[in-house]
1. Mind checking which residues of segment 132-188 are buried (at least 20 other Cβ atoms within 10 Å of the Cβ), of a type in the set (V, I, T) and not in a loop (DSSP other than H, G, I, E, B)?
2. Could you list, in sequence order, all residues of segment 85-131 that are assigned to a helix (DSSP H, G or I) and touching a residue at least 24 places away in the same chain (Cβ under 8 Å)?
3. Name every residue in segment 53-81 that is part of a strand (DSSP E or B) and aliphatic (A, V, I, L, M), in order of residue number.
4. Tell me yes or no: at least one residue of segment 189-202 is in contact (Cβ under 8 Å) with a residue 24 or more places away in the chain, acidic (D, E) and surrounded by fewer than 16 Cβ atoms within 10 Å (Cβ to Cβ).
5. Within 19 Å of V197 (Cα to Cα) and buried (at least 23 other Cβ atoms within 10 Å of the Cβ): which single residue out of D50, D54 fits that description?
6. Let me confirm something: among L35, L49, L57, L105, which residue is hydrophobic (A, V, I, L, M, F, W, C), more than 16 Å from the chain's Cα centre (by Cα) and modelled with pLDDT of 95 or more?
7. List, please: which pairs have Cβ atoms under 7 Å, are six or more places apart or on different chains, and start with a residue in segment 160-184 that is within 19 Å of R215 (Cβ to Cβ) and end with one that is part of a helix (DSSP H, G or I) and of a type in the set (V, I, T)?
Amino acid sequence: MSELAKRIGRAQRREVSGGMGFASIKREQPKAMVLAAMITTGDQARAALDAGADCVLVEHADATAAAAVIGTLPKHSAGVALTTLDEAGSDTLHKAGCDFVVSTLEGTSSAAVDTERMGQLVAVSTEISDTTLRTLNPLGLDALFVEGRPNAPTLAAQLELVRLASLSGLPLAVNIAVGASMAELRALRDSGAAVAVVPSGATASDITALAEALRSVPAPRRQSRGGDIALVPTASGHAEEDDGEHEHDE
């Protein structure tokens, strides 16, 4: 299991608000979503991690170049975004210490995917069909990476995310705008997003502010009538397999 999958599990186990009086125990909550920063160099990666990002996403044209960056970073702190991924590239990334890979369905060799040794996300657009979404669950993916820049925070955009998450049974990784508000982050979380990706070029202060905003997002309310959209369960058992492991957000 990837470290990203474990982080997703911890974020989705945040305490539910509305507990019974003395039974509610105040303790520091993890961020509402995993915070990932898109980067291209090792210096950018280290600055993002120091500023409060949980992990970084190395964006490069090929696996060899990405592996060179990952090899300079702390273990389990980085993933890679590629257009194509073959078996040789997967081996190169694994040996460099890559935690997870984001690649397209069409550009990924099935022989390159082994979720026991390295996490896998597939990049999808909101145009993906319902039929394809329903068939993704058995692949053991960590999440779906939703392509494109952040949409305006409308109900229509939120429902698109709900469709992706509910039909696939997978958490989402979504691009967020620098300066996204706590309310916007809450809406993304309630739509099934579990990873918030900061765009390349974000400053350390931008990342720190987003980390603080994610910690301030209220835990999901207990469901009764109406209310927040229920979180999408993790298909690959992130929460269950991570029991007994403790990692504190910096």
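1. Once the filter is applied, which keeps residues that are buried (at least 20 other Cβ atoms within 10 Å of the Cβ), of a type in the set (V, I, T) and not in a loop (DSSP other than H, G, I, E, B), segment 132-188 yields V146, V174.
2. Step one: list which residues in segment 85-131 are assigned to a helix (DSSP H, G or I), which gives 87-96, 110-112, 130-131.
Answer for segment 85-131, where residues must be assigned to a helix (DSSP H, G or I) and touching a residue at least 24 places away in the same chain (Cβ under 8 Å): E87, A88, G89, S90, T92, L93, H94, K95, A96, A111, A112, D130.
3. Selection gives V56, L57, V58, A78, V80, A81.
4. Pass one, segment 189-202, residues in contact (Cβ under 8 Å) with a residue 24 or more places away in the chain: 189-200, 202.
Subsequent filtering for residues that are acidic (D, E) retains 190.
In the following step, the residues that additionally are surrounded by fewer than 16 Cβ atoms within 10 Å (Cβ to Cβ) were identified as none.
No, segment 189-202 contains no residue that is in contact (Cβ under 8 Å) with a residue 24 or more places away in the chain, acidic (D, E) and surrounded by fewer than 16 Cβ atoms within 10 Å (Cβ to Cβ).
5. Exactly one of D50, D54 is within 19 Å of V197 (Cα to Cα) and buried (at least 23 other Cβ atoms within 10 Å of the Cβ), namely D54.
6. On the way: L35 fails: more than 16 Å from the chain's Cα centre (by Cα); L49 fails: more than 16 Å from the chain's Cα centre (by Cα); L57 fails: more than 16 Å from the chain's Cα centre (by Cα).
Answer to the selection: L105.
7. Between residues of segment 160-184 that are within 19 Å of R215 (Cβ to Cβ) and residues that are part of a helix (DSSP H, G or I) and of a type in the set (V, I, T), the close pairs are P171/I8.
Here's the yes/no breakdown for (1) within 18 Å of S2 (Cβ to Cβ); (2) touching a Lys or Arg at 6+ places or on another chain (Cβ under 7 Å):
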| position | (1), (2) |
| --- | --- |
| H60 | no, no |
| T64 | no, no |
| A68 | no, no |
| H76 | yes, no |
| T83 | no, no |
| G97 | yes, yes |
| V101 | yes, no |
| T104 | no, no |
| A112 | yes, no |
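The values are calculated or read from the model by the stated rules, or taken from the named source; none is laboratory data. No experiment lies behind these values; they were computed from the predicted model shown. Virtual Cβ from ideal backbone geometry, glycine too; neighbours counted across all protein chains shown.
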